[in-house]
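Structure first, then comments.
The values are calculated or read from the model by the stated rules, or taken from the named source; none is laboratory data. Fair warning: this is a prediction, and the values are worked out from it, not measured in the lab. Note that we place each Cβ from the backbone using ideal geometry, even for glycine, and neighbour counts take in every protein chain shown.
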Amino acid sequence: MREVKPHKVYTSFHDIPPREYMYFPKGSLDAGKPGKFSRVEINHILISIVVLTFVLALLFTRNNLFYGLSEGFKLDIFPYWLMVSFFGVVTAFFFHEMSHKFMAQKYGLWSEFRMYPRGLLFALLLGIMLPFVFAAPGAVMFRGGSRYFETGRIAMAGPLSNLIIAAITLMLYRAVFFENIAIGSIICFVCFINALFATFNLLPFGPLDGTKIISWNPTIWIIMLILSAIVLMTIMPNALSIL
């Protein structure tokens, strides 16, 4: 009789999850129901969105790409960048993580997002003190013994959602909103942040999604990476002009 291996816990970003990731709320291990959320998961998602939105808005308000560090913090444009950053965080970060989650749930696995408090705190401190941000807000956890191809597809779902959003917004920006400064700048930013997010996560290093995808299907990985890089390079000149 074949020996049944114990269940493993996988992540979409952190291969070695901190202790707080492993907290499973009572009644949340309800696998196989797409769209199932626990109260703890919702709180973790909302906190991550709020922190990332604030950090990005702070970065764009004071970064030397926009007004120069010597001119300091521009309070009058902070609300605008808060709105733009919110669209970027929701379309890039939230859709990315939820794509991991729903794909895992499709295969009947328990799956929930868990924030990484130290990563969020580190991003917040960087955003306050320095003109750049590196954020590791958290990861979608899935549990239940996924098969090899399922793990690859779960990893692929996140950057694929970013690539789709980036491609759609690129076409919208070029065909419809190129000359509309108000809406066009938001569309352009959403395209840029999604293309950047997809390209970064597809890199075959460490715990990034690219490592899992290339182990499962190198052909799919290289196609996604090339397409993401093309979209990123296409939109980058426009994005830099509005940032």
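Here are the numbers:
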read-out	value
The stretch 94-125: number of residues that are modelled with pLDDT under 90 and farther than 19 Å from V40 by Cα	7
Residues (over 12 Å from the mean Cα position of the chain (by Cα) and surrounded by fewer than 19 Cβ atoms within 10 Å (Cβ to Cβ)) located in the stretch 188-203	L203
Top-ranked residue of the stretch 80-90 - restricted to ones that are surrounded by 17 or more Cβ atoms within 10 Å (Cβ to Cβ) and among the hydrophobic types (A, V, I, L, M, F, W, C), ranked as farthest from V40 (Cα to Cα)	W81
Residue in the stretch 188-198 that is in contact with an Asp or Glu (Cβ under 9 Å, 6 or more places away or on another chain) and polar (S, T, N, Q) present	no
Filter result (out of contact with any strand residue (DSSP E or B) (no Cβ under 9 Å at 6 or more places or on another chain) and surrounded by 15 or more Cβ atoms within 10 Å (Cβ to Cβ)) within the stretch 204-216	P204, L208, D209, G210, T211, I213, I214, W216
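For every residue, the table says whether it meets (1) under 22 Å from A139 (Cβ atoms); (2) under 15 Å from the mean Cα position of the chain (by Cα); (3) modelled with pLDDT under 90; (4) surrounded by 21 or more Cβ atoms within 10 Å (Cβ to Cβ).
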{"site": "F13", "(1), (2), (3), (4)": "yes, yes, yes, yes"}
{"site": "M22", "(1), (2), (3), (4)": "yes, no, yes, no"}
{"site": "G35", "(1), (2), (3), (4)": "yes, no, yes, no"}
{"site": "R39", "(1), (2), (3), (4)": "yes, no, yes, no"}
{"site": "S48", "(1), (2), (3), (4)": "yes, yes, no, yes"}
{"site": "L75", "(1), (2), (3), (4)": "no, no, yes, no"}
{"site": "F78", "(1), (2), (3), (4)": "no, no, yes, no"}
{"site": "A92", "(1), (2), (3), (4)": "yes, yes, no, yes"}
